[in-house]
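**Student:** Structure in structure tokens, see below.
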Amino acid sequence: MSAAGGAAVGDAVRAGLERVWGRPPDLVGRLSAVNHRVVGKRYMVTAAVFFFLAGIQALVMRTQLARSGLDLLTPEQYNQFFTMHGTTMMFLFAVPMMEGLGMYLIPLMIGARDMVFPRLNAFGYWVYLIAGVTLTVAFLVGRGPDAGWFNYAPLSGPSFSPGRGIDFWVTTITFLEVAALVAAVEIIVTILKLRAPGMTMGRAPLFVWSQLVMAFMILFAMPPLILASLMLGLDRMVGTHFFHAAAGGDPVLWQHLFWVFGHPEVYIILIPALGIVSSVVTVFSRRPIIGYAPIVMSLIAIGFLSFGLWVHHMFTVGLPVMGLGFFAAASMMIAIPSGVQLFCWMATLWKGRPVLSSPLLYVLGFVFVFTLGGLTGVMVAAVPFDWQVHDSHFVVAHFHYVLIGGAVFPLLAGFHYWYPKLSGYLPSEAVAKVAFWMIFIGFNVAFFPLHELGFRGMPRRVYTYLPGLGWDALNLLSTAGAYLLGLGFAVFAANLVWSAFAGRRAGADPWGADSLEWATPSPPPVYNFERIPVVRGRHPLWEAGGIGPGAISGLEMYDPEFPRRETLATTVMDARPEFRRTLPGPSLWPLVLAAALAVAAIGSMVDLWLIPIGAVLAWIAMARWLRPPRAEEAP
Ligand code: HAS
Ligand code: CU
């Protein structure tokens, strides 16, 4: 490893790096790919497909509710539709999308060549894919779960849901969370250990911070869900009585376990979105963000606080009122770190020279919609108010304002912003703006009336309603808005796809951005960086005055005598070089392991014997995975 100034590395080194980091182009090569950008892209594309499916489900439900007394769906089908819509959006779209974006971007942003455990990454993706596809197929053949995304016991127990639907939910969701945990570990270790020399924690981009907080939250939030779904599975398949009141179990235990996961879950989705917003606000205000430290502390504060609020989903269960007061206060406290970030972004825009490109436009949409959703959040956090609107369409309005406002608008901003890096092409600004107004107007028309419908007493999760209750006009309006919203998403997506064929070439740094991912060509080469960059501030590209040749100095890390995949590991806090991390190459075994575990986890609903059989297969796959490469196969 030798320090070098600016001059580009030689062609021989570049060819060597290509060889070491490449993979065979055939099918086996594709299936065995482990590179973070390949896996990240797979996560994002798969999550987008699930977003599309869940969106179709939503439109079918809105069509059913457009007028009173329609029978497009039977009550049983309607139950499956809202359950699958919620489950798909929360588990199969939002979290994997955020993780996928992180997997793609984090190494580029911190100056690493890959994530720290590439094969584990690939394994997580296969688990996610198998779980998601299984659940979706169950729904498509009419065997979908139907007890809501929170799957309350005893409704979801064996007595009230005897069919197969809930078994599919229990097994696939438990299995899926393995993927979430794997990704979280990967993200945490990568951020803590692979930051480029000089990138102290205090210089890490805010998006990286937000991913770090998200990953820690996943680590603590998913185990209660895994535990709960395992217990429910045992109740259903083995005959235990965890949630069976008559036999001494406790259905409220399900609610506690679910919401101890479920409340952090919504912030797991929000926090990385806030990171996207911070990136976009910085770049399009053309100045360093105001309040870097308060923003980091707010992210961490939200992460901590969100584990102490879960009971606000259970205000109507009949728990002691003193206890409810604690959870109401804790819920309202979250307004503080949320507000701190909003004010920091506002101040940055105020003091900067904002450029109203599409990414910033979507961020402004986020500010408007998310703030409204946050305010209704504070309203429902007040216990007496919640007693009035719980399980009504008011809550449906609240959570769509925060989820679409707080996660989808930032994601769209992020897609428009980073797509040129992924694809090498710039999407059309004009089309993105048209899509923005369709989405923004469609969204508000679809969801604002639901507040009022909630006040007028319309419960959530009813498949139809009687005429003359004063609900008809608002429902029709909402359905019209939903179609406009869906169309807006289609236009947005079409713009990205179209630009990959006919867009303008983006170049390395089309937005004049500040962070390291823009120092690489678009799309980046398989090894990301020819030299491991050396960082001297929070905005490496701005401090270097751009990305011209030699602007970012780096450490050469390629040994022609002993070519292998490697990246530089540094110390946790101040990113001093520590050791060369050699990374494993492509392998099929992560896929085989995921399939073997699926035999055990999902197969358990067919026959419990599949659990030991899957375990043995998994053991074989693991042994092969971990076998050190023979000399002639290296790297
Ligand atoms: Fe929520 C239900 C409370 C934020 C998602 N939420 C849900 C559900 C989802 C969800 C999915 O306390 C439904 C789950 C289900 O299927 O049943 N939520 C809050 C509070 C906040 C909040 C206090 N939620 C989110 C975010 C989400 C999300 C973010 C996803 C991304 N939520 C609740 C409660 C329920 C609930 C109850 C249960 C309802 C029921 O009956 O079932 C806060 O984090 C919001 C903070 C943000 C702001 C805006 C910016 C801050 C500023 C500072 C000044 C503001 C002040 C407040 C001082 C507040 C600008 C003034 C207050 C006024 C009213 C004017
Ligand atoms: Cu909550």
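**Student:** Need the failing condition index for PHE399 against (1) within 16 Å of ligand 1 (Cβ to nearest atom); (2) open to solvent by 10 Å² or more (accessible area, probe 1.4 Å); (3) more than 19 Å from PRO272 (Cα to Cα), just the number.
**Tutor:** (3)
**Student:** Checking the structure you have, find out if any residue of the stretch 526-544 is crowded, with 20+ Cβ neighbours inside 10 Å, over 26 Å from MET201 (Cβ atoms) and in contact with a strand residue (DSSP E or B) (Cβ under 8 Å, 6 or more places away or on another chain).
**Tutor:** No; the residues of the stretch 526-544 include none that is crowded, with 20+ Cβ neighbours inside 10 Å, over 26 Å from MET201 (Cβ atoms) and in contact with a strand residue (DSSP E or B) (Cβ under 8 Å, 6 or more places away or on another chain).
**Student:** Here is a further query. So ILE226 fits all but one of (1) open to solvent by 20 Å² or more (accessible area, probe 1.4 Å); (2) under 30 Å from THR567 (Cα atoms); what number is the exception?
**Tutor:** (2)
**Student:** Taking the condition of being charged (D, E, K, R) and part of a helix (DSSP H, G or I), how many residues in the stretch 432-479 meet it?
**Tutor:** 3
**Student:** Which of (1) under 21 Å from GLN80 (Cα atoms); (2) not in a helix (DSSP H, G or I) is the odd one out, the single condition PRO197 does not satisfy?
**Tutor:** (1)
**Student:** Show me the helices (runs of 4 or more DSSP H) entirely contained within the stretch 1-97 in which 1 or more residues are open to solvent by 40 Å² or more (accessible area, probe 1.4 Å) and more than 30 Å from VAL182 (Cβ to Cβ).
**Tutor:** Qualifying helices (runs of 4 or more DSSP H): 11-21, 36-65, 75-87.
**Student:** If we keep just the residues of the stretch 105-150 that are outside any helix (DSSP H, G or I) and within 30 Å of GLU530 (Cβ to Cβ), which is most open to solvent (accessible area, probe 1.4 Å)?
**Tutor:** Step by step, filter the stretch 105-150, then rank; the result is PHE117.
**Student:** Taking the criterion of being closer than 30 Å to TRP21 by Cα, away from ligand 1 (no atom under 16 Å from the Cβ) and of a type in the set (D, E, K, R), would at least one residue in the stretch 141-161 satisfy it?
**Tutor:** Taking every residue of the stretch 141-161 in turn, none turns out to be closer than 30 Å to TRP21 by Cα, away from ligand 1 (no atom under 16 Å from the Cβ) and of a type in the set (D, E, K, R).
**Student:** When both residues are 6+ apart or on different chains and their Cβ atoms are under 8 Å apart, which pairs have a first residue that lies in the stretch 293-316 and is acidic (Asp, Glu), and a second that is away from ligand 1 (no atom under 12 Å from the Cβ) and at pLDDT 95 or above?
**Tutor:** Note: no pairs meet the criteria.
**Student:** Now for a different question. Within the stretch 352-366, how many residues turn out to be modelled with pLDDT of 95 or more and open to solvent by 30 Å² or more (accessible area, probe 1.4 Å)?
**Tutor:** 1
**Student:** Here are the criteria: (1) at negative phi; (2) part of a loop (DSSP other than H, G, I, E, B); (3) within 11 Å of ligand 1 (Cβ to nearest atom). Tell me which single one GLY406 does not satisfy.
**Tutor:** Unmet condition: (2).
**Student:** Does the stretch 374-396 contain at least one residue that is touching a residue at least 12 places away in the same chain (Cβ under 8 Å), touching a helix residue (DSSP H, G or I) at 6+ places or on another chain (Cβ under 8 Å), more than 9 Å from ligand 1 (Cβ to nearest atom) and assigned to a helix (DSSP H, G or I)?
**Tutor:** Yes, the stretch 374-396 contains a residue that is touching a residue at least 12 places away in the same chain (Cβ under 8 Å), touching a helix residue (DSSP H, G or I) at 6+ places or on another chain (Cβ under 8 Å), more than 9 Å from ligand 1 (Cβ to nearest atom) and assigned to a helix (DSSP H, G or I).
**Student:** Moving on to the next point. Residue pairs, Cβ under 8 Å, 6 or more apart or interchain, first in the stretch 508-531 and free of Cβ contacts under 8 Å to residues at least 24 places away in the same chain, second of a type in the set (D, E, K, R) and open to solvent by 30 Å² or more (accessible area, probe 1.4 Å). List them.
**Tutor:** none
**Student:** Take ARG580 and decide whether it is assigned to a loop (DSSP other than H, G, I, E, B), open to solvent by 70 Å² or more (accessible area, probe 1.4 Å) and basic (Lys, Arg).
**Tutor:** Judged against the criteria, ARG580 is not a match.
**Student:** Please specify each residue of the stretch 523-538 satisfying the condition of being within 23 Å of GLU578 (Cα to Cα) and assigned to a loop (DSSP other than H, G, I, E, B).
**Tutor:** Correct list: TYR527, ASN528, PHE529, GLU530, VAL534, VAL535, ARG536, GLY537, ARG538.
The values are calculated or read from the model by the stated rules, or taken from the named source; none is laboratory data. Here the structure is a predicted model, which means the values were calculated and not measured. Note that each Cβ is placed from the backbone with ideal geometry, even for glycine, and that neighbours are counted across all protein chains shown. Ligands, DNA and RNA are stripped out before the accessible areas are found, and what is left, the full protein with its side chains, is counted by its heavy atoms. Shrake-Rupley method; radii C 1.70, N 1.55, O 1.52, S 1.80 Å.
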